[in-house]
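The values are calculated or read from the model by the stated rules, or taken from the named source; none is laboratory data. Given the structure is predicted, the values throughout are model-derived calculations rather than measurements. Note that each Cβ is placed from the backbone with ideal geometry, even for glycine, and that neighbours are counted across all protein chains shown.
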Amino acid sequence: MTMTTRGAVAPTSAPTDVAAGPESVLDTTALDTAVNEVAAHASSWAGTGAAARAALADRVLRDTMAAQDQWLAAACSAKGIEPGSAEAGEELFAGVGTLVRMTRLLRDALREIARSGHPTFAGPVRTAADGRIRVRVFPGNAFDRVVFPQTTAEVWMQPGVPEADLVSTQAAAYRDPAAHAGTSLVLAAGNVASLGPRDVLSKLFVEGKVVVMKANPVNEYLVPHWGRALSALVEAGVLRIVGGGTAAGQYLTAHAGIDEVHITGSDKTYDAVVFGTGEEGARRKAADEPALHKPVSAELGNVSPVIIVPGQWSIGELQYQAEHVATMLVNNAGFNCLAARVIVTHAGWPQRDAFLGALTQTLAHISTRRAYYPGAADRRNAFVAAHPEAEEFGRGPSDALPWTFIRGVPPGHTGDICFNVESFCGQVAETSLTAPSAAAFVDAATTFCNDVVWGTLSATILVSPKTLKDGAVADAVERAVADLRYGAIGVNVWHALAFAIGTTTWGAYPGHPRTDIQSGSGVVGNAAMFARPQKSVVRGPFRSRPKPPWFATATGSYEVMRRFVAFEADPSAAQIPGLLLSALRH
């Protein structure tokens, strides 16, 4: 499968994946040692059984919990977050919490492989109208139903995957271990603390590779804490964690001991790794002549759309969804590949102005945050230069940038920067489509997101239950879920939950050629270890009560997240009352 290029203009800017400034002298001896030490264990790791790997994962889980306080303190210091604040709770959830959940899920999957040969999944298995297999993977148990109420998730398989082969193709690295042996280089992300370690776990436990992880200079301060959390894997000889900037990355990608590369970053970094830089790199890309002849998987970001299906919303629903969408932008100061970037509304929706007004008022009351990621001001300035009508909101420290909202971008301007460039800062745009009905709008929005908006990583649809009572709208929403070419889709819940849940997959919609890689190739997460996933779909309630603790407007969420992380490390009924009470108080 190949993907067509979206939008009239390719991205002209992207977040830098390395810190600015001169690099120290490259110590190739240390890098060689790291590669050689893990490569020497590739064959023995391939022969390590699932039970032994589960024991390692269990120790990673315990060691991560032991490391969490110092890890969190370092991240809060670097990002200008006050310890114990709601923002600290957000950082704890995204950094330590999602890693803890992923580790536990993989440990349990490995134990299932040891018992029965494959991971179990919740089910049921259904077949979509077009023949694609849909597997319910969440909730997996009663605990999931309590912690994530009214939330479900499916993994959709690529066309041509028969239900009869679903189980027999799971956990391929455990069916033919020798064929999957190898050494993987993980070029870790600089924004979310859990991304690099989660990529490591996917490579080791799902794909059967040993790993060298190179930290991004932006969050290289976390290396000691990652080393502590992942010490079982380091001691086993299957993981080495190294630092360094661009030169270290270039040296490692070309290293003869590295068999494959995984990147979390920008499409520009991918192009530099695969084709090279400068005029020669551009020539190679145009001719599809890669400079690197190794498999490269990647998660590279997105201009994530949020489709607002028109309906009659109450004042409470308008405010709730305004806070919901605001959270999608301001989380991690906007330095997320899954941040809301384009809000797609119906031009004739009577409540459009009320919703946008509630959104901007919400942004005005959320404190801005340290712009810790390099190049943020330049990227934001490019958007403001293209749209001088951009509105600015929020107050905060002197090293922060305002929340930036660009209203009413004409949808026909398909080359607009708002549709084609991931801003990777606290910026979001809005565009409105004309359609004769709500159902027709959903169809038009699906086409617009597929054909105009850049990237295929993640998208969200917000639609009220009252609107879904119209059968035509309900059918249109289901068509959108089926037809949207995104690797993760949220229905009434931020698509970020596909990253957090872990039994779901996280990665671009498959099919991008390397000359138009957009959001990347391959998936991580995928605790059920499916062979050919296409997308994950998470559905939640239109309005949750109490407000989810991960909302940016939630108060007291730090205590909720402390209890959540402890629960995810070792779920038990005894922890449920305290977790629920803290959630009710926030």
Checklist entry - Can you tell me how many residues in region 324-361 are charged (D, E, K, R), in contact (Cβ under 8 Å) with a residue 40 or more places away in the chain and surrounded by fewer than 22 Cβ atoms within 10 Å (Cβ to Cβ)? => result 1
Checklist entry - Looking only at helices (runs of 4 or more DSSP H) that fall completely inside region 328-442, which ones have 2 or more residues that are of a type in the set (Lys, Arg)? => result 376-386
Checklist entry - Would region 542-551 turn up any residue that is in contact with a helix residue (DSSP H, G or I) (Cβ under 9 Å, 6 or more places away or on another chain) and free of Cβ contacts under 8 Å to residues at least 12 places away in the same chain? => result yes
Checklist entry - Hey, any hits in region 260-272 for a residue that's in contact with a strand residue (DSSP E or B) (Cβ under 8 Å, 6 or more places away or on another chain) and assigned to a loop (DSSP other than H, G, I, E, B)? => result yes
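Can you name the residue in region 106-132 that is within 30 Å of ALA46 (Cα to Cα) and touching a strand residue (DSSP E or B) at 6+ places or on another chain (Cβ under 9 Å) and is also surrounded by the fewest Cβ atoms within 10 Å (Cβ to Cβ) among such residues?
So in region 106-132, the residues within 30 Å of ALA46 (Cα to Cα) come out as 106-123.
Now drop any that are not touching a strand residue (DSSP E or B) at 6+ places or on another chain (Cβ under 9 Å), which leaves 121-123.
Details: PHE121: 23, ALA122: 17, GLY123: 10.
Only one residue tops the list, namely GLY123.
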Item to check | Conditions (1) farther than 24 Å from ARG539 by Cα; (2) in a loop (DSSP other than H, G, I, E, B); (3) in contact with a Phe, Trp or Tyr (Cβ under 9 Å, 6 or more places away or on another chain): number failed by ILE81 | outcome: (3)
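Just for helices (runs of 4 or more DSSP H) wholly inside region 195-248: which have at least 3 residues that are touching a residue at least 24 places away in the same chain (Cβ under 8 Å) and under 22 Å from the mean Cα position of the chain (by Cα)?
Numbers: elements: 195-201, 223-229, 231-235.
So the answer is 195-201, 223-229.
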Checklist outcome for this item: For region 558-576, pairs from a residue that is not assigned by TED's automatic domain parsing to the domain that holds ASP58 to a residue that is hydroxyl-bearing (Ser, Thr, Tyr) and assigned to a helix (DSSP H, G or I), with Cβ under 6 Å and 6 or more apart or across chains, are GLU559/SER582; VAL560/SER582; ARG563/SER582
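So, ALA164, is that one free of Cβ contacts under 8 Å to residues at least 40 places away in the same chain and farther than 19 Å from VAL523 by Cβ or not? Write out each step before concluding.
Details: free of Cβ contacts under 8 Å to residues at least 40 places away in the same chain: yes; farther than 19 Å from VAL523 by Cβ: yes.
Spelling it out, ALA164 is indeed free of Cβ contacts under 8 Å to residues at least 40 places away in the same chain and farther than 19 Å from VAL523 by Cβ.
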Next on the checklist: Every residue in region 273-290 that is surrounded by fewer than 22 Cβ atoms within 10 Å (Cβ to Cβ) and assigned to a helix (DSSP H, G or I), please.
Outcome noted: GLY278, GLU279, GLU280, GLY281, ALA282, ARG283, ARG284, LYS285, ALA286, ALA287
Item to check | Count of residues meeting criterion [outside any helix (DSSP H, G or I) and either at pLDDT 95 or above or among the small types (Gly, Ala, Ser) (or both)] in region 572-586 | outcome: 1
Item to check | Within region 492-519, considering residues that are surrounded by fewer than 23 Cβ atoms within 10 Å (Cβ to Cβ) and β-branched (Val, Ile, Thr), the one nearest to VAL309 (Cα to Cα) | outcome: ILE517
Checklist entry - Looking only at region 62-78, which residues are closer than 12 Å to GLY227 by Cβ and either within 21 Å of the chain's Cα centre (by Cα) or without any contact (Cβ under 8 Å) to a residue 24 or more places away in the chain (or both)? => result THR64, TRP71
Checklist entry - Out of all the residues in region 225-235, is one or more surrounded by 24 or more Cβ atoms within 10 Å (Cβ to Cβ) and touching a Gly at 6+ places or on another chain (Cβ under 6 Å)? => result no
Next on the checklist: Tally up the residues in region 325-339 that are within 18 Å of HIS365 (Cα to Cα), within 17 Å of the chain's Cα centre (by Cα) and not β-branched (Val, Ile, Thr), please.
Outcome noted: 6
Next on the checklist: Would you confirm whether or not region 412-433 contains a residue that is out of contact with any helix residue (DSSP H, G or I) (no Cβ under 7 Å at 6 or more places or on another chain), farther than 22 Å from LEU457 by Cα and in contact (Cβ under 8 Å) with a residue 12 or more places away in the chain?
Outcome noted: no
Next on the checklist: Here is a check on your reading of the model: is GLN158 surrounded by fewer than 20 Cβ atoms within 10 Å (Cβ to Cβ) and either among the hydroxyl-bearing types (Ser, Thr, Tyr) or touching a residue at least 24 places away in the same chain (Cβ under 8 Å) (or both)?
Outcome noted: yes
Next on the checklist: Any residue in region 82-93 that is more than 13 Å from THR555 (Cβ to Cβ) sitting within a Cβ distance under 9 Å of a residue that is of a type in the set (S, T, N, Q) and crowded, with 21+ Cβ neighbours inside 10 Å? List the pairs, counting only those 6 or more apart or interchain.
Outcome noted: GLU91/ASN332; LEU92/GLN68; PHE93/SER557
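Each row is one residue, and each column tells you yes or no for (1) over 20 Å from the mean Cα position of the chain (by Cα); (2) in a helix (DSSP H, G or I).
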position: VAL481; (1), (2): no, yes
position: THR553; (1), (2): yes, no
position: VAL560; (1), (2): yes, yes
position: ARG563; (1), (2): yes, yes
Item to check | Residue count for region 458-515, restricted to those that are among the aromatic types (Phe, Trp, Tyr) and closer than 15 Å to TRP156 by Cβ | outcome: 3
